[in-house]
């Protein structure tokens, strides 16, 4: 699983309006789908957060995919009229290893996301299962 947060998304809505914020979210969804496999799922979790479910892959492969998700967005000029020129992302990666249910998996991905934010944003972070469970 990859937990994706649009860095400072609230300021996009506050400064540019919700219509621009919505256009940013739609553009991001398109960017994410261009990287993910056809069997992967991505959806908005709330606000400026998305969750991508990428089944059957080991953590290092999912981390590489998360880095490709970031590369598809970071440094790319957005085509959104009145929108921000660029957008940055923080991404948290977790595997189901050590997780007993979906809530544990989400909590592990969320812990990895917050580690990425603590490290300065604009990056993907993978926590090993024992680190993620301690963090949550």
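In this simple spin-label model, placing a label point 7 Å from the Cα along the Cα-to-Cβ direction at both residue 19 and residue 118 gives a separation of 4.2 nm. Summary of the geometry: the stretch 98-127 and the stretch 47-72, compared by the centres of their Cα atoms, lie 11 Å apart.
Adding -39500 (n - 2.57) for every DSSP H run of four residues or longer, then dividing by how many residues the chain holds, sets the calculated 222 nm ellipticity at -14500 deg cm²/dmol. Rounding to the nearest 10 and keeping the result within 0 to 90°, find how far the Cα-based axis of helix 102-118 lies from the longest principal axis of the chain. So the inclination is approximately 60 degrees. Normalised by the number of residues in the stretch 20-136, the mean separation of alpha-carbon contacts (under 8 Å, six or more apart) gives a relative contact order of 22 percent. For the pair residue 97 and residue 11 in one chain, pulling the backbone fully straight at 0.36 nm per residue adds 27.4 nm over the alpha carbon distance. Summarised as an ellipsoid, the stretch 1-134 has semi-axes of 26, 15, 13 Å, derived from the eigenvalues of the Cα gyration tensor scaled by 5 and square-rooted, with the largest first.
We did not get these values from a lab; they are worked out from the coordinates using the rules stated. A quick note: this is a predicted structure, and the numbers were derived from the prediction, not measured. Quick reminder, even Gly has a Cβ in these numbers, built from the backbone with ideal geometry, and neighbours come from all protein chains shown.
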